[in-house]
Amino acid sequence: MGRKNFNAFLKKQKAEKKRKRKDEKRLKKEERKKEESSGQLKDMIAYLDEEGNIISEPPEEKDRNAKDQNNNAGNKTQN
């Protein structure tokens, strides 16, 4: 007979855990909605620097152009 009461106790515990998880999820959802986000594309873009690290600003154009010029100069001498 004690087994029957034990199963009811476990059932109540599971239901309580489920309710708590659902409440926590609801709270997190509300917090995300309250957070201010611009949602604009420029805020979501990430760039890679030469070492492969993620940065938020675009790399300098001078460095990229200098590399392109060096590569083009090398290609002309090979032909």
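The values are calculated or read from the model by the stated rules, or taken from the named source; none is laboratory data. Small disclaimer: the values here were computed from a predicted structure and weren't measured. Cβ atoms come from the backbone with ideal geometry, glycine included; neighbour counts cover every protein chain shown.
Taking into account only those residues within segment 39-79 that are at pLDDT below 70 and of a type in the set (Gly, Ala, Ser), which is surrounded by the most Cβ atoms within 10 Å (Cβ to Cβ)?
Within segment 39-79, the match that is surrounded by the most Cβ atoms within 10 Å (Cβ to Cβ) is Ala66.
Would you point out which residue out of Leu10, Leu27 is of a type outside the set (Lys, Arg), modelled with pLDDT of 95 or more and assigned to a helix (DSSP H, G or I)? Outline the logic, then answer.
On the way: Leu10 fails: modelled with pLDDT of 95 or more.
The match here is Leu27.
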